[in-house]
1. Working only within the range 37-58, note down all residues that are in contact (Cβ under 8 Å) with a residue 24 or more places away in the chain, of a type in the set (D, E, K, R) and either over 19 Å from residue 86 (Cα atoms) or touching a Ser or Thr at 6+ places or on another chain (Cβ under 6 Å) (or both).
2. Residues in the range 53-74: is at least one at positive phi, touching a Phe, Trp or Tyr at 6+ places or on another chain (Cβ under 9 Å) and of a type outside the set (A, V, I, L, M, F, W, C)?
3. Conditions: (1) more than 19 Å from residue 89 (Cα to Cα); (2) small (Gly, Ala, Ser); (3) touching a helix residue (DSSP H, G or I) at 6+ places or on another chain (Cβ under 8 Å). Residue 46 meets all but one. Number of the miss?
4. Can we say residue 80 is of a type outside the set (Gly, Ala, Ser), assigned to a strand (DSSP E or B) and surrounded by fewer than 16 Cβ atoms within 10 Å (Cβ to Cβ)?
5. May I ask you to verify whether residue 112 is surrounded by 15 or more Cβ atoms within 10 Å (Cβ to Cβ), modelled with pLDDT of 95 or more and over 18 Å from residue 3 (Cβ atoms)?
6. Name, by its number, the condition in (1) surrounded by fewer than 12 Cβ atoms within 10 Å (Cβ to Cβ); (2) modelled with pLDDT of 95 or more; (3) within 22 Å of residue 117 (Cα to Cα) that does not hold for residue 102.
7. Could you check the range 18-67 and list, in sequence order, the residues that are surrounded by 12 or more Cβ atoms within 10 Å (Cβ to Cβ), assigned to a loop (DSSP other than H, G, I, E, B) and aliphatic (A, V, I, L, M)?
Amino acid sequence: MREEIEKYINENYDILQVYPWDKFPNDTTFKHKNNKKWFALIMNVSYEKLKINKEGIVDVINLKNVPEMIGGLRKEEGILPAYHMSKEHWITILLDGTVSKEKICELIDISYELTNNK
C-alpha cells in the first residue's frame with residue numbers, strides 16, 4: 001500500500017518528497033514547497049516499537065490532525081498514537097491494509113490543509 005499512498009500524494013499535491021536520513025533510507029517526508037512544513041512522514045517501524053504484539057516491520061504514515069479528532073481516530077483499528085511525534089497533533093496509520101486507502105487519503109488531505117500556511 002505504501003506505493004499507492006506515495007503515488008496519491010505525488011499526483012495530487014505540488015510538494016517536495018525528501019529522504020532526510022541516511023541511517024533510515026526508506027523513510028520519506030512530504031513537505032510543502034512554500035513553507036517546507038511536513039504534512040506526512042512514511043517510515044518502516046517494527047511492530048514492537050508500536051507496542052503491537054507481532055514480529056516484523058511495517059510501513060506506517062504519520063499525519064497531522066486536529067486534537068479534537070485524534071482521540072476518536074485512535075479508536076479505529078490500524079490508527080495509533082503518533083510514533084516519534086507529538087501525540088496531541090499527529091497519528092500513525094499502519095499501511096498494511098488495516099485502514100482503507102480511501103480513509104488514509106482523506107486523512108492526508110486534512111494533514112495537508114492543516115500544515116499549509118499560505
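The values are calculated or read from the model by the stated rules, or taken from the named source; none is laboratory data. Since this is a predicted model, take the numbers as computed values, not measurements. Positions of Cβ are generated from backbone atoms using ideal geometry, with glycine treated the same way; all protein chains shown enter the neighbour counts.
1. Once the filter is applied, which keeps residues that are in contact (Cβ under 8 Å) with a residue 24 or more places away in the chain, of a type in the set (D, E, K, R) and either over 19 Å from residue 86 (Cα atoms) or touching a Ser or Thr at 6+ places or on another chain (Cβ under 6 Å) (or both), the range 37-58 yields only 37.
2. Kept after step one, since they are at positive phi, are these residues of the range 53-74: 56.
The next check asks that each one be touching a Phe, Trp or Tyr at 6+ places or on another chain (Cβ under 9 Å); those that pass are 56.
Within this subset, residues satisfying the condition of being of a type outside the set (A, V, I, L, M, F, W, C) are 56.
Yes, that holds for at least one residue.
3. (3)
4. Details: of a type outside the set (Gly, Ala, Ser): yes; assigned to a strand (DSSP E or B): yes; surrounded by fewer than 16 Cβ atoms within 10 Å (Cβ to Cβ): no.
Criteria not met by residue 80.
5. Numbers: surrounded by 15 or more Cβ atoms within 10 Å (Cβ to Cβ): yes; modelled with pLDDT of 95 or more: yes; over 18 Å from residue 3 (Cβ atoms): yes.
When the stated conditions are applied, residue 112 passes them.
6. (3) is the only condition that residue 102 fails.
7. 52
Here's the yes/no breakdown for (1) among the small types (Gly, Ala, Ser); (2) at pLDDT 90 or above:
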{"residue": "28", "(1), (2)": "no, yes"}
{"residue": "47", "(1), (2)": "no, yes"}
{"residue": "52", "(1), (2)": "no, yes"}
{"residue": "55", "(1), (2)": "no, yes"}
{"residue": "65", "(1), (2)": "no, yes"}
{"residue": "78", "(1), (2)": "yes, yes"}
{"residue": "84", "(1), (2)": "no, no"}
